[in-house]
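Sharing a structure with you now.
FYI, it's all coordinate maths here, none of it is from the lab. Since this is a predicted model, take the numbers as computed values, not measurements. Methodologically, a virtual Cβ is constructed for each residue, glycine included, from the backbone with ideal geometry; neighbour enumeration extends over all protein chains shown.
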Amino acid sequence: MIHNPNSHAQINILRIGLIGVIVLIMISPIINNLTSPRVFNLDQFMVVTMEKDRTALLLRSAITAIILFVSFLFVWPGIQQKFYKPELQLWFSSMIFSCGPILSSFLGSKVSLSPQWFVLPLSFTALLLMKGKDLMWFIKLVRMIALIYLYGSLIFAIADPSFAIEENYKLGFIYSFRLHGIANLANHLAPMAIVFWVTNRMMEKKNVYVNSLHWLVSLTVLILTQSKTTWVTFLIIFIFVLIVSRTSAVRHIYLLIAGIFVLCIYLFMINSAASNYLDLQSQDVQLLTSLTGRNFVWSYTIDIWRHNPIFGYGLDLWKDEETRLPFLSMYNWAPGQAHNQFFQTLGESGIVGVVGLIYYVIILIKFGWRYSQESKFITIMMVLLLLIRGITESTLESNIFKENFLYHFITFTLLLIYVKKEKEKMLGNIEPSRLSLSHVGSKRDNRIPGIPQIKPQNMNV
């Protein structure tokens, strides 16, 4: 019955199932982090990577299978739909980007196929087939998930410090510990504060006292993570909004915030230099000047890529012992990624992957800017969050159990929401007003020729 596009009841059931999948994608990193060994307090990564955690492996396999299965069931009956041209452009760019890693899994230096790489094309296609009003609750969901990460991290820091806190953190500015919380790593947790601030802008009705508490918690987490790259990302994003904002009052507020952060970063740098007695040859300063060793990772990734320039190494880059053990022998540590989206894509899927990456990034920037005014700049802010973090992180990776995929998923979905809203305006179904959460539950007629229709009362979630 699910293959019959005219079966309203079955499509509605699948739509509810897909919403469940979206929620599952949002919490998958938390599930994985709570069931997997923590590595930040260990001297050698091999202790963890060579010991398979059966529970975490089974959970990851089950979650991946559920996401792929439900997404496929939703995609199948909807492939006959007619789409708005910008919808297809955004979706097509993500498919081009996802093709590189899939091709490299067969044609790369090491043949290896992972179901993880099919999550992106299937789930993004399922999102394309949903209606705009079905996705409006997504903004509230993202804000709630961000708060779960933020509050959960502080709770675990108090209840189980060994799980949430890294001790003897050598690159700390004021204190010698680092909050990783319930995220995979501190650098993955810190952007959750920015995600909360971005989505909080869309909430029209907020309790002043509760919202102030949320802001205090988010700032506390951002500071305790000691994620310098996220601090810089935050600063750049708000300076950008300051420049493009047309409201002088908002401009002054952002300028004040940016000034405070510049001052804080400057003081932190002075404190760090003073603690090393201005010894520029010290190990800590060398790590800072090399972006904590990331330049070594980039150079090593290029060496691997040269063996297969067209399709790269394959999906196992920085995941198996063949690539990590040689690096470990040279530097006494080994990363789990290239710590840069360009180098990660280049090493993993070669020139083919880089072409897809560049095209996808151009489309993300285009749509992020296109809806910036209407969205109170949240679309371009999320795109900038991905791109700036992409300098030191693999922000577009397809591992659903890492927070990087979550940020990517959120950004793509937000852009798609605004594209769908624009489509509805073009068809005259809703008045051309600013997108807001007040449209949730609206029962306007959104009939589009060629698209199987579902009664409005069945579409409210």
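For region 163-241, which GluC sites (Glu not before Pro) are both in a DSSP coil and crowded by at most 14 other Cβ atoms within 10 Å?
Numbers: sites: Glu166, Glu167, Glu204; in loops: Glu204.
Sparse-neighbourhood loop GluC sites (Glu not before Pro): Glu204.
By how many nm would the segment from Arg54 to Tyr331 grow when fully extended, if each residue of separation counts as 0.36 nm and the alpha-carbon distance is taken off? Each step should come with its number before you reach the end.
Numbers: separation 277, 0.36 × 277 = 99.72 nm, distance 2.98 nm.
Net length gain for the segment: 96.7 nm.
Distances longer than 21 Å among the Cα atoms of region 94-194: what percent of all pairs is that? Spell out each step's value before the answer.
Details: 2991 of 5050 pairs.
Counting pairs separated by more than 21 Å, the tail of P(r) holds 59 percent.
Among rounded, prolate and oblate, which fits region 187-246 when a ≥ b ≥ c are the square roots of the eigenvalues of its C-alpha gyration tensor, a/c under 1.5 means rounded, and a/b larger than b/c means prolate? Display every interim value, and only then the final one.
On the way: a/c = 2.38, a/b = 1.11, b/c = 2.15.
Oblate shape, in that a/c is at least 1.5 and b/c is the bigger or equal ratio.
On alpha-carbon atoms, Rg over Rh for region 326-426 using Kirkwood Rh?
Working: Rg = 15.9 Å, Rh = 14.8 Å.
Dividing the radius of gyration by the Kirkwood radius yields 1.07.
Quick check on my link table: of Lys366/Lys421; Lys170/Lys402; Lys85/Lys425, which ones sit more than 20 Å apart, alpha carbon to alpha carbon? List each step's numbers first, then the result.
Working: Lys366/Lys421 17 Å; Lys170/Lys402 24 Å; Lys85/Lys425 14 Å.
Over 20 Å apart, Cα to Cα: Lys170/Lys402.
What are the ³J(HN,Hα) couplings of region 59-74, residue after residue, when phi is run through the Karplus curve with 6.51, -1.76, 1.60 and θ = phi - 60°? Round to Hz, x for glycine and proline.
For region 59-74, the Karplus-derived couplings read 5, 4, 5, 5, 5, 4, 4, 5, 4, 5, 5, 5, 4, 5, 4, 6 Hz, x marking Gly and Pro.
Under 4 °C and 1.567 mPa s, how fast does region 77-119 diffuse according to Stokes-Einstein, given a Kirkwood radius computed over C-alpha pairs? Answer in µm²/s, whole number.
Working: Rh = 12.2 Å.
Estimated via Stokes-Einstein, D reaches 106 µm²/s.
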